Amino acid sequence: GWHYKKIIKEPNNLLMDFSKYSSKLEKEQKARAEKVRRDKERLAREKARADQKKAELEEARRSERLKREAEEEQRQLRIEAAREANGGLYLNVRLQPVPYDPSEKGIVRGKDKIALPPSVRESLREQGAERQYSAPMFFELSLSDTFMHGPTAAPSDGDAPNSETDSAMNPRPDGGEESGVLRTHGAVLEYSASEGTIGLPPLIAERLGGNTLSQQRVYVKYTKLPKCTWGRLQPIGHEFQTDIENIREVLEAEFARHSTLTEGDYLTVDYCDKSYTLRVLELRPAPAVCVIDTDMEVELAPSLEHDEYMQKLREEKERVDAELAEAARREAEANEERTRAEAEASQLRNQARAQAEARLEPEAAEGEAEAVSCAVRLPDGARLVRRMRRTQNLQALFDFIDARGTAEPGQYNLATNYPRRVFTSETDGCRTLEAANPEGGSQLTFFLEQRA
């Protein structure tokens with residue numbers, strides 16, 4: 001029986017295993033098919049992105065090529081425009097600045113004179129410059145904070161100015177002006193500078209960066225400059241217009257030391273052991289001009305410190321006016337208080353005088369037995385005399401003096417000399433004349449002494 005049951009159950013087990021394996025195989029096939037589908041989609045997306053990137057790269061290269069072509073076209077147009085403006089001459093090079101002082105050669109008009117290498121003269125000579133011009137030749141000098149890569153790149157520390165990788169006579173790639181750079185002009189004095197360098201006087205070097213100039217290169221471009229007819233200058237400090245009376249003569253003397261002027265330039269004028277700085281605001285007929293043998297009109301703008309200076313003057317005037325007004329107010333109040341006090345004092349004096357007159361007894365008759373002559377010597381030497389009775393109080397004598405208005409009531413004492421006695425109305429007013437003068441006598445002399 002056991003063997004029979006086992007034989008009967010085995011076919012069922014085989015069917016169950018086959019069904020399980022079949023289901024698993026079907027799932028694996030579906031998973032592989034799904035993976036293949038996802039891989040195809042991923043590859044398609046990657047190919048699309050690669051195609052798009054390739055198209056963008058080609059478009060960028062095309063745009064860059066068109067941009068370079070347009071820039072080159074513009075550069076050529078600027079070069080041609082420069083040639084036309086400068087009588088067929090064109091020069092645009094970059095040189096290493098070195099110190100140069102024309103004053104050592106006795107040059108008066110040397111503040112903006114420069115020295116160039118002989119190769120510049122040869123380049124201009126090949127273009128016929130010496131046949132066209134005998135007057136000083138002018139050059140625009142500009143400075144860029146960064147340098148373009150390649151042959152025109154700035155040399156690193158230790159590189160020679162005329163190294164093979166950085167020729168000092170490299171032309172500017174764009175042939176035009178750069179924005180945001182310092183710019184001025186100068187006239188060439190001589191072609192004696194070393195190749196690859198330009199000799200700059202102190203004023204030009206200061207205009208182009210001062211201490212940092214030695215680390216950079218200067219763009220040198222030949223240009224023609226018209227004669228100046230009008231200029232507008234602005235002093236930096238207000239002292240220039242207040243310290244100098246003959247401004248025209250001082251400016252003419254300063255212009256005699258220059259060959260060119262450029263809008264934005266700073267001029268240093270020395271006068272009476274003092275230096276004044278002015279800025280060139282505007283020039284006519286061009287932003288850069290020649291000042292050699294020219295009659296130009298100069299206009300001075302308010303100084304940079306003018307508004308601040310005038311504001312300080314206004315504030316100082318307002319302060320002084322306020323102090324004067326306050327002093328006047330205080331003086332008026334003091335005068336008013338003094339007038340009021342004087343009026344009150346006068347009123348009190350009048351009241352005291354009236355009261356003193358009311359208290360006065362009739363003067364003693366001449367020849368009366370008790371009569372005594374009282375003389376009061378005033379500080380100014382005058383005398384007051386009144387006949388009184390010995391039995392009267394000293395207050396009667398004080399009332400007599402007060403009634404005459406000779407002294408301020410309560411502000412004086414009466415004194416005798418021999419012996420020295422001092423009497424006050426407050427403490428001695430009740431004493432009789434007899435008690436005040438025990439020595440007797442028909443005459444009493446008192447001295448009026450003002451209290452301190």
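The values are calculated or read from the model by the stated rules, or taken from the named source; none is laboratory data. Note that the structure is predicted; figures quoted are calculated from it, not measured. Positions of Cβ are backbone-derived with ideal geometry, glycine not excepted, and every protein chain shown enters the neighbour counts.
Within the range 104-119, work out how many residues are among the hydroxyl-bearing types (Ser, Thr, Tyr) and without any contact (Cβ under 8 Å) to a residue 12 or more places away in the chain.
Number satisfying all stated conditions: 0.
Suppose we keep only residues that are among the aliphatic types (A, V, I, L, M) and in contact with a strand residue (DSSP E or B) (Cβ under 8 Å, 6 or more places away or on another chain) within the range 416-451. Which one would you say is nearest to residue 373 (Cα to Cα)?
Filtering first and then ranking leaves 444.
Residue pairs, Cβ under 9 Å, 6 or more apart or interchain, first in the range 428-446 and free of Cβ contacts under 8 Å to residues at least 24 places away in the same chain, second in a helix (DSSP H, G or I) and crowded, with 18+ Cβ neighbours inside 10 Å. List them.
Final answer for the pair search is 435/394.
So which of 395, 347 is modelled with pLDDT of 85 or more and loosely packed, with under 15 Cβ neighbours inside 10 Å?
None of the others qualify; the one that does is 347.
Is the range 273-281 home to any residue that is at pLDDT 90 or above, in contact with a helix residue (DSSP H, G or I) (Cβ under 8 Å, 6 or more places away or on another chain) and buried (at least 19 other Cβ atoms within 10 Å of the Cβ)?
yes
Conditions tested, residue by residue: (1) modelled with pLDDT of 90 or more; (2) in the same structural domain as residue 257 (by TED's automatic domain parsing); (3) out of contact with any Cys (no Cβ under 8 Å at 6 or more places or on another chain); (4) within 29 Å of residue 211 (Cβ to Cβ).
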| residue | (1), (2), (3), (4) |
| --- | --- |
| 102 | yes, no, yes, yes |
| 105 | no, no, yes, yes |
| 109 | no, no, yes, yes |
| 119 | yes, no, yes, yes |
| 122 | yes, no, yes, no |
| 134 | no, no, yes, no |
| 137 | yes, no, yes, yes |
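For the range 287-306, enumerate the residues that are crowded, with 16+ Cβ neighbours inside 10 Å and more than 12 Å from residue 241 (Cβ to Cβ).
Within the range 287-306, 288, 289, 290, 291, 292, 296 meet the criteria.
For the list (1) over 30 Å from residue 205 (Cβ atoms); (2) touching a residue at least 24 places away in the same chain (Cβ under 8 Å), I need the number of the one condition that residue 41 fails.
Condition (2) is where residue 41 drops out.
Tell me which residues, restricted to the range 47-94, are modelled with pLDDT of 90 or more and among the β-branched types (Val, Ile, Thr).
Matches in the range 47-94: 93 only.
Would you pick out the residues in the range 173-207 that are at pLDDT below 90, crowded, with 20+ Cβ neighbours inside 10 Å and in a loop (DSSP other than H, G, I, E, B)?
175 - this is the single residue of the range 173-207 that is at pLDDT below 90, crowded, with 20+ Cβ neighbours inside 10 Å and in a loop (DSSP other than H, G, I, E, B).
Could you list, in sequence order, all residues of the range 235-251 that are within 27 Å of residue 188 (Cα to Cα) and either among the basic types (Lys, Arg) or surrounded by 13 or more Cβ atoms within 10 Å (Cβ to Cβ) (or both)?
250, 251
Take the conditions of a type in the set (Gly, Ala, Ser) and under 16 Å from residue 290 (Cβ atoms) and apply them to residue 205. Does it pass?
It is false that residue 205 is of a type in the set (Gly, Ala, Ser) and under 16 Å from residue 290 (Cβ atoms).
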